[in-house]
Amino acid sequence: MKNFLLGITATALIASCTSSEDEAPVEAQSEVTIAATLGSSINDAGARTSDLIQGNFKIQDVKLSVDNVKLILRATSQDSKKPTIVQIRDRDPQILDLVDDGEIKVAPIGSAMAYDGVYGKLTLDLVHADVPEEDDMSGYSVMIKASWFDIPAIVNVDLEGEWVVQFNQGIEVDGAQEMLLTMYYDKILEDVPPSLVGDGNGDGLIELGPNNVDDNGEAYDMIVANMEKALVMKNGKFKD
């Protein structure tokens with residue numbers, strides 16, 4: 001029986017040796033597209049919102065700086081030739097505009113061919129924005145501009161490193177799939193008392209950041225702690 005090796009480029013899928021009469025089947029792949037937006041946890045999966053008011057906090061702009069975005073396939077058998085990682089974006093940092101001048105946006109992240117299957121999580125790196133020093137986002141990975149009790153406010157978050165977004169039930173890829181990474185603004189501000197936020201130096205701008213310019217350090221620490229539960233994957237289709 002004559003054996004041969006079937007080489008496939010582009011996806012680095014390697015078929016095992018088989019007979020000339022019975023070639024190994026090519027496993028199905030689908031295009032996966034991922035984008036990001038801002039939303040509220042009170043809405044159903046996949047739902048969009050136009051409401052940007054959370055208590056006394058009215059959002060105007062939201063930016064998120066990310067890199068190295070990956071989809072992670074759930075564990076398969078040792079005999080499977082499926083890769084466990086689908087690289088959506090690599091070594092190409094980007095700033096995602098989730099809200100621009102009071103308008104919620106859907107910011108594209110990227111797309112890739114992925115083996116059909118159930119994916120359990122997405123990972124991404126939060127990175128400092130690659131912007132000029134005079135930019136409001138310089139040195140930060142997350143920036144939120146808003147008003148607090150009608151006073152202009154800015155939240156600058158200094159977080160770097162890998163961020164994991166779990167799909168508790170798994171998201172099944174079987175045909176072209178559009179996935180939406182959503183930042184829940186109500187979760188970012190969850191349990192932050194209004195009394196902890198103020199314009200400490202009286203310059204007309206409320207600042208929340210690692211430098212504690214306005215003595216809002218406690219509120220800032222709470223916002224940073226809330227970030228983990230604020231990023232979710234919503235696409236309205238989950239596997240039971």
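The values are calculated or read from the model by the stated rules, or taken from the named source; none is laboratory data. Remember, predicted model here, so these are calculated numbers, not experimental data. Neighbour counts are summed over all protein chains in view; Cβ atoms, including those assigned to glycine, are modelled from backbone coordinates with ideal geometry. Protein only, heavy atoms only, side chains kept; ligands, DNA and RNA dropped before computing areas. Shrake-Rupley method; radii C 1.70, N 1.55, O 1.52, S 1.80 Å.
Annotations for the structure displayed:
- Taking each residue of segment 180-202 that is under 10 Å from Ser41 (Cβ atoms) and touching a residue at least 40 places away in the same chain (Cβ under 8 Å) and looking for partners that are small (Gly, Ala, Ser) and open to solvent by 20 Å² or more (accessible area, probe 1.4 Å) with beta-carbon atoms closer than 6 Å, six or more apart or interchain, yields Tyr184/Ser41; Asp186/Ser41; Lys187/Ser41.
- Of note, Asp191 does not satisfy the criterion of being open to solvent by 20 Å² or more (accessible area, probe 1.4 Å), over 30 Å from Val106 (Cβ atoms) and out of contact with any Pro (no Cβ under 6 Å at 6 or more places or on another chain).
- Residue ranges of strands (runs of 3 or more DSSP E) in segment 143-240 with at least 2 members in contact with a strand residue (DSSP E or B) (Cβ under 6 Å, 6 or more places away or on another chain) and within 23 Å of Thr37 (Cα to Cα): 151-157, 161-173, 177-184, 231-234
- Being surrounded by fewer than 17 Cβ atoms within 10 Å (Cβ to Cβ) and acidic (Asp, Glu) holds for only one residue in Asp221, Asp186, Asp199, Asp214, and it is Asp221.
- Of all residues in segment 97-112, those satisfying the criterion of being in a strand (DSSP E or B), open to solvent by 60 Å² or more (accessible area, probe 1.4 Å) and farther than 17 Å from Val86 by Cα are Asp100, Glu103.
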